[in-house]
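What follows is a single structure, written as structure tokens, with notes after it.
The values are calculated or read from the model by the stated rules, or taken from the named source; none is laboratory data. Source: prediction; values computed, not measured. A quick note on method: Cβ atoms are made from the backbone with ideal geometry, for glycine too, and the neighbour counts reach across all protein chains shown. The accessibility values were calculated without ligands, DNA or RNA, using every heavy atom of the protein model including side chains. Shrake-Rupley method; radii C 1.70, N 1.55, O 1.52, S 1.80 Å.
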Amino acid sequence: MNTHRFRWITPASCLCLAVFLVSISLGWLLPTEYGNENGPIEWLQIVVLGGAALVSISALLQTGLSPARRQLFAWTSILWLLNIARELSWGRVFYPNGTGGFLRLKDIWFGPYVYPTIAVILIAALGYFFFKGLHRELLLWLKQGILPALDFVILIVAAITADMIEHHSGDLFGAKIELFEELGELAAYFAVLCFMINVVLNKQFRHNQPLYVFKRREV
């Protein structure tokens, strides 16, 4: 099933597929409260995204990748860390209101600074992305690189599934709607982790690296 441009079957991709299938098939067996905010599944999502961020940063140590490719993959850690902050409701989950919920962001001492800080981080990250020419490296990678296709497909399917469950499922999932939404997000985040493991650590995805470097020098 593998082609010159795509790899469908890798150990990480198979694990990703297993997590996706288990999530959609065995979710009915989990307690409903597992899907609550600050619940076990949300914390597992944070662990998975943290793993993706660590793998992304580890690209800086991968001598088998070109310098530009290392920077590109490491740069994506910003996206995964921001998603961790979002899953934590920008820190609200650490401030319970005593009635089973959480304080509103504007009622927390750092609340007014959250969105300005996010804006600064995004502007700085995008500035670095274009200033360092990582947009050109991204296009080169997408055009000529070897990509983990199964991870990407599962990411898209899981993300769409989570959104459909949240907004368009009606009463199909009953009280477990939040549980299945969180499971869909977990499968999507796990696909991100497996994607990064493949492109950063799996040597199958880098055997054309010298060719890329040579082409970049010719331009």
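To the nearest 0.05, how large is the calculated FRET efficiency for Val22 and Phe131 if R₀ is 41 Å and r is the Cβ-Cβ distance?
On the way: r = 42 Å, r/R0 = 1.03.
That gives a FRET efficiency of 0.45.
Can you tell which of Gln144, Gln45, Gln71 shows the greatest fluctuation in a Gaussian network model of the chain with Cα springs below 10 Å?
Maximum fluctuation in the GNM of the chain, among the listed residues, is at Gln144.
Show me, for the stretch 197-204, the HN-Hα J-couplings you get by feeding each phi into the Karplus relation (A = 6.51, B = -1.76, C = 1.60, θ = phi - 60°), rounded to Hz, glycine and proline as x.
4, 5, 6, 8, 9, 8, 5, 4
Can you list the HN-Hα couplings for the stretch 99-113, worked out from phi with the Karplus curve (6.51, -1.76, 1.60; θ = phi - 60°), rounded to whole Hz and with x for Gly and Pro?
Result, rounded to whole Hz: 10, x, x, 9, 4, 5, 4, 5, 8, 9, 4, 9, x, x, 9.
Helix 134-144 versus the longest principal axis of the chain: what is the Cα-based angle in degrees, 0 to 90, to the nearest 10?
Long axis of 134-144 versus the principal axis of the chain: about 70 degrees.
Under a 1.4 angstrom probe, counting protein chains only, how are Arg92, Arg136 ranked by accessible area, largest first?
Of Arg92, Arg136, the descending order of accessible area is Arg136, Arg92.
With a 1.4 Å probe and all protein chains kept in place, how much accessible area does Thr76 have, in Å² rounded to the nearest 10?
So the heavy atoms of Thr76 present about 20 Å² to solvent.
Averaged per residue, what accessible surface does the chain expose to a 1.4 Å probe, in Å²? Write down the numbers at each step before the final one.
Values: 12040 Å² over 219 residues.
Counting only protein heavy atoms, the per-residue value for the chain is 55 Å².
List the cysteines of the chain that have no other Cys Cβ closer than 4.7 Å: which are they?
Cys14
Using modelled amide H (1.01 Å from N, peptide plane; none on Pro or chain starts), what sits under 5 Å from the amide H of Leu147, excluding residues fewer than 5 places away?
So Leu147 has HN proximity to Phe6, Arg7.
Full-extension gain between Leu15 and Thr63, please, as 0.36 nm times their residue separation minus the C-alpha to C-alpha distance.
Working: separation 48, 0.36 × 48 = 17.28 nm, distance 2.60 nm.
Length gained, Leu15 through Thr63: 14.7 nm.
Please report the accessible area of His167 (heavy atoms, 1.4 Å probe, ligands and nucleic acids excluded) in Å², nearest 10.
110 Å²
Between the stretch 46-89 and the stretch 20-34, how many Å separate their Cα centres?
Comparing the Cα centres of the stretch 46-89 and the stretch 20-34, I get a distance of 28 Å.
Mind checking the angle between helix 149-168 and the chain's longest principal axis? C-alpha axes, 0 to 90 degrees, to the nearest 10.
Tilt of helix 149-168: around 20 degrees.
With a/c under 1.5 counting as rounded, go ahead and sort the stretch 90-219 into rounded, prolate or oblate using the C-alpha gyration tensor (a ≥ b ≥ c being the square roots of the eigenvalues; past the cut-off, prolate if a/b is larger than b/c, else oblate). Walk me through the intermediate numbers first.
Details: a/c = 3.20, a/b = 1.54, b/c = 2.07.
It is oblate, given that a/c is not under 1.5 and a/b is not larger than b/c.
Considering only Tyr95, Leu179, Tyr189, whose Cα is most displaced toward the positive end of the charge dipole of the chain, charges sitting on Cβ of Lys, Arg (+1) and Asp, Glu (-1)?
Tyr189
Calculate how steeply helix 11-26 sits against the longest principal axis of the alpha-carbon atoms of the chain, using the helix alpha-carbon long axis, and give the answer as 0 to 90 degrees to the nearest 10.
Value to nearest ten degrees: 20.
Specify which labelled value, from (i) 34, 24, 13; (ii) 41, 16, 13; (iii) 23, 20, 18, agrees with semi-axes √(5λ) of the Cα gyration tensor in Å derived from the coordinates of the model shown.
Looking at semi-axes √(5λ) of the Cα gyration tensor in Å for this model, the match is (i).
For the full complex of protein chains and a 1.4 angstrom probe, list Lys176, Lys132, Lys203 by accessible area with the highest value first.
Values: Lys176 35, Lys132 105, Lys203 155 Å².
Solvent-accessible surface, decreasing: Lys203, Lys132, Lys176.
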